[in-house]
Amino acid sequence: MISPYVRRRRLAIELVRLREEHEYSAEKLSREVGIQRQKISRLENGRVRPDQDEIMRILAHFNVDADRWEQLMTIAREAQESGWWERYRDEMGPRQALYADLEAGAAAIAEYQMTLLPGLLQLPAFTEARAVADRAKAPSRFVVERSIDARAARQRVLDRPGGPSYQVIIDELAIRRHAAPPEIVRAQLDHLIDIGHNREKITIQVLPLAARIEGNAIPRSAFFTYRYRDPEDPIVVAVDTITSDVVLTDPDEIGHYTSLYERLRAAALDTADSLYFLATVAQELPDHTRS
């Protein structure tokens, strides 16, 4: 499945491009095709699922050729789809639903994680510990068990045929500051080590606290970048904040984060040293497999 969110953003870009090619203002287009100006604005901002009839009216008004018509209507149909996460949005939490949407159809995912061990690689016990800890901030219909199931469903994107490559840089802070009981953290670190050794499409690096980052660039939050197979689809960055997540598609803003990621990657330990670092920390923690 292709991300409906990304398809809406792609459709928005194409509609703005089409309107500007014909030197139309949004107001003029609204008057001539009989679609409310506010609706035109929401379509061009990717904020609503498109109405296929309205899209066809716009394409017909501009006398779009057959190939472009088929391309844009395909994008519009994909933008209308609802992923499995929509049904369980309230129970799994809107943040998980957002990330499930962005991960759908991604060709490459890159993540910098500042305070938590990466969700796409979490064990169920770690996910449960975090869900319980964050329960007070969750929606009223949030269900811990549904959150765990949703995490597992998201993780399967990495296993599917043609699934995305995945790179993650984990800040030492996220490793040293325990976000779950120590025995669960150790099991989680052991899991990361196993993945790092055995999953070719997954790359794990550790950013030490003492690392020198080019330009003294200091990341202020966790963030994620998503690239898709269609080169015309926008690169998407999601920035993790305390209460919600900011999704960016503006090229200038995207460039800031992709540049920062490369600086972090250059400053981080290489894969072998990163896995050794994780193993060293894990050995300091209680082993839940031993009595």
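The values are calculated or read from the model by the stated rules, or taken from the named source; none is laboratory data. In this text the structure is predicted, and so the values were computed from the model without any measurement. Cβ atoms come from the backbone with ideal geometry, glycine included; neighbour counts cover every protein chain shown. Each accessible area value is taken on the protein alone, full model and side chains, heavy atoms only, with ligands, DNA and RNA left out. Shrake-Rupley method; radii C 1.70, N 1.55, O 1.52, S 1.80 Å.
Looking only at the stretch 159-170, how many residues end up being open to solvent by 20 Å² or more (accessible area, probe 1.4 Å) and either within 17 Å of residue 204 (Cβ to Cβ) or of a type in the set (Lys, Arg) (or both)? Qualifying residue count, the stretch 159-170: 4. Of all residues being in contact with a Phe, Trp or Tyr (Cβ under 7 Å, 6 or more places away or on another chain) and not small (Gly, Ala, Ser) in the stretch 104-115, which is surrounded by the fewest Cβ atoms within 10 Å (Cβ to Cβ)? Just the residue, please. The extreme case among them is 111. Only one residue in 76, 106 is in contact with a helix residue (DSSP H, G or I) (Cβ under 9 Å, 6 or more places away or on another chain) and within 29 Å of residue 151 (Cβ to Cβ). Which one? The match here is 106.
In summary, residue 78 fulfils each of the numbered conditions (1) open to solvent by less than 10 Å² (accessible area, probe 1.4 Å); (2) farther than 25 Å from residue 140 by Cα with the single exception of condition (1). For residue 27, the stated conditions do not hold, so it cannot be described as among the acidic types (Asp, Glu), closer than 27 Å to residue 227 by Cβ and assigned to a helix (DSSP H, G or I).
Conditions (1) within 20 Å of the chain's Cα centre (by Cα); (2) in a loop (DSSP other than H, G, I, E, B), marked per residue:
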residue	(1), (2)
120	yes, no
162	yes, yes
170	yes, no
173	no, no
183	no, no
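Picking from residues in the stretch 207-250 that are in contact (Cβ under 8 Å) with a residue 60 or more places away in the chain and open to solvent by 60 Å² or more (accessible area, probe 1.4 Å), the one that is farthest from residue 75 (Cα to Cα) is 243.
Counting just the residues of the stretch 44-64 that are without any contact (Cβ under 8 Å) to a residue 12 or more places away in the chain and open to solvent by 70 Å² or more (accessible area, probe 1.4 Å), which one comes out farthest from the chain's Cα centre (by Cα)? Result: 63.
Beta carbons closer than 6 Å, at least 6 apart along the sequence or on distinct chains, never pair a first residue in the stretch 2-23 that is under 25 Å from residue 98 (Cα atoms) with a second that is assigned to a helix (DSSP H, G or I) and of a type in the set (S, T, N, Q).
Looking at the stretch 123-136, which of its residues are open to solvent by 10 Å² or more (accessible area, probe 1.4 Å) and either closer than 26 Å to residue 231 by Cβ or not hydrophobic (A, V, I, L, M, F, W, C) (or both)? Hits for the stretch 123-136 are 124, 128, 130, 134, 135.
Here residue 118 fulfils each of the conditions (1) open to solvent by 10 Å² or more (accessible area, probe 1.4 Å); (2) closer than 19 Å to residue 246 by Cα; (3) in contact with a strand residue (DSSP E or B) (Cβ under 9 Å, 6 or more places away or on another chain) apart from (1).
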